[in-house]
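J.: Before I ask anything, here is the structure I am working with.
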Amino acid sequence: MSQKVQRILFVCLGNICRSPLAEALFQSEIEARNLVNQFKLDSCGTNGVHDGERADVRTRRNAMIHGINIPHVSRRIKLADITDFDLILTMDDSINQKVLKICMNDEQRAKVKLFRTFDEKNPGADVPDPWFGGDEGFENVFQIIKENTDIWVNRLC
Ligand code: 4NP
């Protein structure tokens, strides 16, 4: 029996650290579970400052240590994303509020959820922005995103 494809968009500020990593980790997890055909994934940022760039080299380097490649090229969120995706996962509260502001109705707003909504230790907490910090911040963010990716995949499958 064919199942409806679930379209998921991951959103952060610059689309070069948190959301492309979330997209890549989600992709890796559904590949491992043989569920690739059930999902369409993408990520974007709210500020557009890094449009056209690969993910931050520190994010890519840290992900590669864990065997995760991040091929995504940064892009800014657009209005059509709100209709084109079923679930929009935001990396922190300020991003969540920005995305909610461009929604036109309750049906669209219901698609928007914090990525850490079901986090076992800190439900609803922000995924910290590693941009200004050191290497340990990138590993911390990797672990947070990995944990929550597994939670989402378990819930959605
Ligand atoms: P991201 O991190 O939102 O996780 O991609 C950031 C990347 C770049 C900037 C801010 C946050 N920036 O200000 O350029």
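J.: Please work out which one of (1) modelled with pLDDT under 95; (2) aromatic (Phe, Trp, Tyr); (3) in a helix (DSSP H, G or I) is the condition TRP131 fails and give its number.
T.: All conditions are met except number (3).
J.: Restricting to region 86-107, what's the tally of residues that are surrounded by fewer than 20 Cβ atoms within 10 Å (Cβ to Cβ) and either farther than 19 Å from HIS50 by Cβ or away from the ligand (no atom under 14 Å from the Cβ) (or both)?
T.: So the answer is 12.
J.: Being touching a Lys or Arg at 6+ places or on another chain (Cβ under 7 Å), closer than 27 Å to ALA110 by Cα and not small (Gly, Ala, Ser) is the requirement here; does LEU9 meet it? Working first, answer last.
T.: Numbers: touching a Lys or Arg at 6+ places or on another chain (Cβ under 7 Å): no; closer than 27 Å to ALA110 by Cα: yes; not small (Gly, Ala, Ser): yes.
Answer is no for this residue.
J.: Is there a residue being out of contact with any Leu (no Cβ under 7 Å at 6 or more places or on another chain), buried (at least 22 other Cβ atoms within 10 Å of the Cβ) and hydroxyl-bearing (Ser, Thr, Tyr) anywhere in region 47-68?
T.: Within region 47-68 (the criterion being out of contact with any Leu (no Cβ under 7 Å at 6 or more places or on another chain), buried (at least 22 other Cβ atoms within 10 Å of the Cβ) and hydroxyl-bearing (Ser, Thr, Tyr)), the answer is no, since none of the residues qualifies.
J.: Restricting region 141-157 to residues that are without any contact (Cβ under 8 Å) to a residue 60 or more places away in the chain and over 18 Å from ASP93 (Cβ atoms), which is surrounded by the fewest Cβ atoms within 10 Å (Cβ to Cβ)?
T.: Step by step, filter region 141-157, then rank; the result is ARG155.
J.: Pick from ALA110, ALA125: which is modelled with pLDDT of 95 or more, among the small types (Gly, Ala, Ser) and exposed (fewer than 15 other Cβ atoms within 10 Å of the Cβ)? First the steps, then the outcome.
T.: On the way: ALA125 fails: exposed (fewer than 15 other Cβ atoms within 10 Å of the Cβ).
The unique qualifying residue is ALA110.
J.: Right, another one. Please name all residue pairs, on different chains or six or more residues apart, with Cβ atoms under 9 Å, provided the first residue is in region 117-136 and is within 11 Å of the ligand (Cβ to nearest atom) and the second residue is among the acidic types (Asp, Glu) and in a loop (DSSP other than H, G, I, E, B).
T.: Final answer for the pair search is ASP126/ASP92; VAL127/ASP92; PRO128/ASP92; ASP129/ASP92; PRO130/ASP56; TRP131/ASP56.
J.: Of all residues in region 25-46, which are touching a Leu at 6+ places or on another chain (Cβ under 9 Å) and within 16 Å of the ligand (Cβ to nearest atom)?
T.: Correct list: PHE26, ASP42, SER43, CYS44, GLY45, THR46.
J.: For region 7-109, please list each of the helices (runs of 4 or more DSSP H) lying entirely inside it that holds at least 1 residues being of a type in the set (A, V, I, L, M) and farther than 26 Å from GLY134 by Cβ.
T.: Details: elements: 18-32, 57-65, 79-84, 93-102, 106-109.
In region 7-109, the matching helices (runs of 4 or more DSSP H) lie at 18-32, 79-84, 93-102.
The values are calculated or read from the model by the stated rules, or taken from the named source; none is laboratory data. Everything quoted here is computed from the prediction, not taken from an experiment. Cβ atoms come from the backbone with ideal geometry, glycine included; neighbour counts cover every protein chain shown.
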